[in-house]
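*Asks:* Structure provided below as C-alpha cells; questions to follow.
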Amino acid sequence: MVFGNVHKYGDNVDTDVIIPARYLNVSDKKELSKHCMEDIDSAFIKRVKEGDIIVAGKNFGCGSSREHAPIAISGTGIALVIAESFARIFYRNAINTGLAIMECPEAAEKVQDGDMLIVDTESGIIENTVSGETYRANPFPDFITEIINSGGLINYIKNK
Amino acid sequence: MTLTQQILAKKAGKDKVSGGELVTVPVDICLANDITAPVSINVFEKAGFDEVYDKEKIVFVLDHFTPNKDIKSAEQCRRVREFSKKHGIVNLFEGGKAGIEHALLPEIGLVGAGDIVIGADSHTCTYGAVSSFSTGMGSTDLAAAMKQGETWLRVPDAIKVEITGEMRESVSGKDVILYLLGMIGVDGARYMSLEFCGEGIKSLSMDDRFTIANMAVEAGAKNGIFIFDELTEEYLKESGNSHRFEFAEPDDADYKSVVKIDLAEVKEQIAFPNLPSNVFTAEEAAEKEIKIDQVVIGSCTNGRISDLRIAASVMKGKTVKDGVRCIIIPATPKVYSQCIEEGLLKIFTDAGALVSPPTCGPCLGGHMGVLAKGERAVATTNRNFVGRMGDTGSEVYLASPYTAAKAAISGIVGV
C-alpha cells in the first residue's frame, strides 16, 4: 500500500530532465537523487517527501537508456510513478531496479498536483482522497509480476 | 512475420513469433559505455556473478565523458578498465581506439545482419541499418545478459515505412528521419519496430541508413531495421563481418500500420526545441531569423565520413559567422583519419571551425561544447530536450550536416 502526495507532470518527461547528463559522472543513488527532476522542476527536490507519488502523462521516461533515472527517482523517496504510458527502456529499468510503476490513463488525466492518493499496488486500485475518485491501473503481464515479486531482475535470475 | 520477428523467431528457435509474445534469445553483443558500464559492473559484482558469458561478446566503449572531462569521469573509466582486465574483456575501446560507439561497432565489423545486440545506450538501435536486431536497455538488463548470454524480449509489432523516390541533393538521411518523426511523433512507434522497406531505400547510402535507424528510438521504437540488400552485403564485407540473414519479404498484413514516404517530397528539416518531432522545413525556419551561438556537427547520428564530406562541401572557402562557434566531431578514429587524408580538416579549420577528437561530449551536455543560458545551437545530434546540451535556458535545433554547415556560415537557424 502506498499513501502519498502527488507531484504531477505532463507528457514525454524525458530522462534528461529526470536526471541531467551532467550528473552522470557518478552512479551513487544519494548523489543522483539530489538532482532529480532539476531541469523540469527545480523545487521538486525540496518538496518531495518519503512515500510521495509522481503522476505523469504519456511516454514517461523517454530518451536515454540511463538507469540512473529510476535510481534517482527512488533515491528521492518517491514510492510510485503512475503514468498514462511509459517509454520502454524506462519501463524495464524501473521493474529491474525495484521502482514501482503503474500504467493508468484515467489517473494520469484526472489526478491533480498535490492530490493525496492511496494505492494498492497489488490490486492496482488507486483512490484519490481529495476528489473521492477511484481508478484502476492496467495489470502487469504475469512474467513482469514474477520479476517484481522476486525483487528485481537479478534476484529473479538467481532464483531460477 | 516482420523483419524483426524473423530474426527473433530464428534466434529463439521457433518457426514463428507474434507481437506481444515473450521470448528469450541469445545475445551476440552486449554493449555499454563509460556512463552505463559502471552501473552494470556494480550490479554484476553486487549480484556475486563470477564470470562473463563470453569475453569476446562484451563491448565497452569509453566515449561519453572522454577524453576524461573530470576526476569522477576518469574514475568511471578506470572502473570499466579494471573490470575488463579482470574478466579478459577483449573489446574495450578507449583513447585513440575509441570512437562514438554506434559509429565504431559496425565500422570494425562487430555487428552483422541477423545479430542480436543489446546496449546500455538508447541509440543502440543504430545497427538496424545492417539488418540486425539491436535495442537499448538499462544497465541491469545488460549486467544480466553479461552473465547469462541471453535476454528476454517482448516481440514487437511493427510499423512499415515504405520509402519511394529519390532524395534531393541537399537532403540526407537526417531529413528523412526528422520528417518521419514529424509525421508520427515521439511516441508514434512506442514499443514497436520501425521497418524501412521499399524501392527508395536503394538510394539511401549506408550512412543515411545508420542515421535513420539511429533515431528510431526518438519515435519511441524498440528498434529500427532496414531490409538486407546489396549495399548491406557490400558494407558488411568491407567491415569484415561474415554474418548474413535471409529475410522473407514481409506482407503489409504483418504490420500494424504502413507509413509512406516519397523521398522527392522531403525537404531539409529542422527540429525546434524541445522535441525531435517538432519539425519545420529549413526554409520555414530561416524566415524566423533566429540567431545562433554554436553549431555541432558530429555524434552517433551524423559523425560519419559522408556527413563530414557534406559539411566540408558547404564550408569550403567560406567562413564561420562571427560570434558562432562551430565544432566538428569525427565519430571514429577512422573517420578522423579519412578527414585528414581527404583534406577535410583543413577546410574546416580554414573556415574557422574547430575539430574535436571523437566523443559524445556536447550532444548530452557533457563537455566539449556545453551551452550557457540563452544560447542556441544547431546540431546534427539526436535530441533537443530541455537542457540537453547545457543550461535549461539554452536551445538545440536538430538538423542535417548540410543544414548545420549552412547555419555555421549564415549564423541563423535554417537555409
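The values are calculated or read from the model by the stated rules, or taken from the named source; none is laboratory data. Quantities reported herein were computed from a predicted structural model and do not represent experimental measurements. As a convention, Cβ positions derive from the backbone with ideal geometry for all residues, glycine included, and neighbour counts pool all protein chains shown. In case anyone asks, the SASA skips ligands and DNA or RNA and just uses the protein heavy atoms, side chains included. Shrake-Rupley method; radii C 1.70, N 1.55, O 1.52, S 1.80 Å.
*Asks:* For the range B:344-360, enumerate the residues that are surrounded by 17 or more Cβ atoms within 10 Å (Cβ to Cβ), of a type outside the set (A, V, I, L, M) and either touching an Asp or Glu at 6+ places or on another chain (Cβ under 8 Å) or not in a loop (DSSP other than H, G, I, E, B) (or both). Give the steps one after another, and end with the answer.
*Replies:* So the first thing to find is which residues in the range B:344-360 are surrounded by 17 or more Cβ atoms within 10 Å (Cβ to Cβ), and the list is B:344-345, B:347-348, B:351-353, B:355-356, B:358-360.
Of the ones still in play, those that are also of a type outside the set (A, V, I, L, M) are B:348, B:352, B:356, B:358-360.
Answer for the range B:344-360, where residues must be surrounded by 17 or more Cβ atoms within 10 Å (Cβ to Cβ), of a type outside the set (A, V, I, L, M) and either touching an Asp or Glu at 6+ places or on another chain (Cβ under 8 Å) or not in a loop (DSSP other than H, G, I, E, B) (or both): B:F348, B:P358, B:T359, B:C360.
*Asks:* Here is a check on your reading of the model: is B:T140 more than 7 Å from chain A (Cβ to nearest Cβ), in contact with an Asp or Glu (Cβ under 9 Å, 6 or more places away or on another chain) and among the polar types (S, T, N, Q)? So that I can check it myself, show each step before the final result.
*Replies:* Numbers: more than 7 Å from chain A (Cβ to nearest Cβ): no; in contact with an Asp or Glu (Cβ under 9 Å, 6 or more places away or on another chain): yes; among the polar types (S, T, N, Q): yes.
Considered against the rule, which asks whether it is more than 7 Å from chain A (Cβ to nearest Cβ), in contact with an Asp or Glu (Cβ under 9 Å, 6 or more places away or on another chain) and among the polar types (S, T, N, Q), B:T140 comes out as no.
*Asks:* Taking B:L204 as meeting all but one of (1) without any contact (Cβ under 8 Å) to a residue 60 or more places away in the chain; (2) buried (at least 21 other Cβ atoms within 10 Å of the Cβ); (3) within 14 Å of chain A (Cβ to nearest Cβ), write down the number of the exception.
*Replies:* (3)
*Asks:* Continuing with this model, one more query. Do we find a residue being in contact (Cβ under 8 Å) with a residue 12 or more places away in the chain and part of a loop (DSSP other than H, G, I, E, B) anywhere in the range B:210-218? Reasoning before the result, please.
*Replies:* To start, the set of residues in the range B:210-218 that are in contact (Cβ under 8 Å) with a residue 12 or more places away in the chain comprises B:210-218.
If we keep only those that are part of a loop (DSSP other than H, G, I, E, B) too, we end up with none.
Taking every residue of the range B:210-218 in turn, none turns out to be in contact (Cβ under 8 Å) with a residue 12 or more places away in the chain and part of a loop (DSSP other than H, G, I, E, B).
*Asks:* Given B:L308, B:L275, which one is outside any loop (DSSP other than H, G, I, E, B) and within 23 Å of the chain's Cα centre (by Cα)?
*Replies:* Details: B:L275 fails: outside any loop (DSSP other than H, G, I, E, B).
That would be B:L308, the only listed residue that is outside any loop (DSSP other than H, G, I, E, B) and within 23 Å of the chain's Cα centre (by Cα).
*Asks:* Consider only pairs whose beta carbons are under 7 Å apart and that are at least six residues apart or on different chains; among these, list those whose first residue lies in the range A:53-76 and is more than 8 Å from chain B (Cβ to nearest Cβ) and whose second residue is assigned to a strand (DSSP E or B) and basic (K, R).
*Replies:* Qualifying pairs under 7 Å: A:V55/A:K8.
*Asks:* While we're here: I'm told B:A47 meets every condition in (1) open to solvent by 50 Å² or more (accessible area, probe 1.4 Å); (2) within 11 Å of chain A (Cβ to nearest Cβ) except one. Can you identify the failing condition by its number?
*Replies:* The single condition B:A47 does not satisfy is (1).
*Asks:* I've got another one for you. If I ask for residues that are over 17 Å from B:E75 (Cβ atoms), out of contact with any Phe, Trp or Tyr (no Cβ under 8 Å at 6 or more places or on another chain) and either more than 8 Å from chain B (Cβ to nearest Cβ) or loosely packed, with under 15 Cβ neighbours inside 10 Å (or both), which ones from the range A:14-28 would you list?
*Replies:* A:I18, A:I19
*Asks:* Which condition number does B:I71 fail, the rest of (1) touching a residue at least 60 places away in the same chain (Cβ under 8 Å); (2) within 9 Å of chain A (Cβ to nearest Cβ); (3) of a type in the set (A, V, I, L, M) being met?
*Replies:* Checking B:I71 against (1) touching a residue at least 60 places away in the same chain (Cβ under 8 Å); (2) within 9 Å of chain A (Cβ to nearest Cβ); (3) of a type in the set (A, V, I, L, M), the one that fails is (1).
*Asks:* Can you tell me which residues in the range A:35-47 are under 22 Å from A:R66 (Cα atoms) and away from every other protein chain (no Cβ under 14 Å)? First the steps, then the outcome.
*Replies:* Narrowing the range A:35-47 to residues under 22 Å from A:R66 (Cα atoms): A:35-42, A:44-45.
A:I45, the sole residue that qualifies.
*Asks:* Looking at the range B:326-343, can you tell me whether even one residue there is farther than 14 Å from B:L104 by Cα and part of a loop (DSSP other than H, G, I, E, B)?
*Replies:* Yes, some residue in the range B:326-343 is farther than 14 Å from B:L104 by Cα and part of a loop (DSSP other than H, G, I, E, B).
*Asks:* Among the numbered conditions (1) in contact with a Leu (Cβ under 7 Å, 6 or more places away or on another chain); (2) open to solvent by 60 Å² or more (accessible area, probe 1.4 Å), tell me where A:R47 comes up short.
*Replies:* All conditions pass for A:R47, except number (1).
*Asks:* Count, please, the residues in the range A:98-117 that happen to be at pLDDT 95 or above and open to solvent by 50 Å² or more (accessible area, probe 1.4 Å).
*Replies:* Residues in the range A:98-117 being at pLDDT 95 or above and open to solvent by 50 Å² or more (accessible area, probe 1.4 Å): 7 in total.
*Asks:* When you look at B:G182, is it modelled with pLDDT of 95 or more, surrounded by fewer than 21 Cβ atoms within 10 Å (Cβ to Cβ), small (G, A, S) and under 23 Å from B:S122 (Cβ atoms), yes or no? Give the steps one after another, and end with the answer.
*Replies:* Numbers: modelled with pLDDT of 95 or more: yes; surrounded by fewer than 21 Cβ atoms within 10 Å (Cβ to Cβ): yes; small (G, A, S): yes; under 23 Å from B:S122 (Cβ atoms): yes.
In short, yes.
Matching residues to (1) under 30 Å from A:K158 (Cα atoms); (2) touching a residue at least 40 places away in the same chain (Cβ under 8 Å); (3) out of contact with any strand residue (DSSP E or B) (no Cβ under 9 Å at 6 or more places or on another chain); (4) crowded, with 24+ Cβ neighbours inside 10 Å:
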| residue | (1), (2), (3), (4) |
| --- | --- |
| B:S84 | yes, no, no, no |
| B:E101 | no, yes, no, yes |
| B:G114 | yes, yes, no, no |
| B:V117 | yes, yes, no, yes |
| B:Y127 | no, yes, no, yes |
| B:V130 | no, yes, no, yes |
| B:F133 | yes, yes, no, yes |
| B:M137 | yes, no, no, yes |
| B:A145 | yes, yes, no, yes |
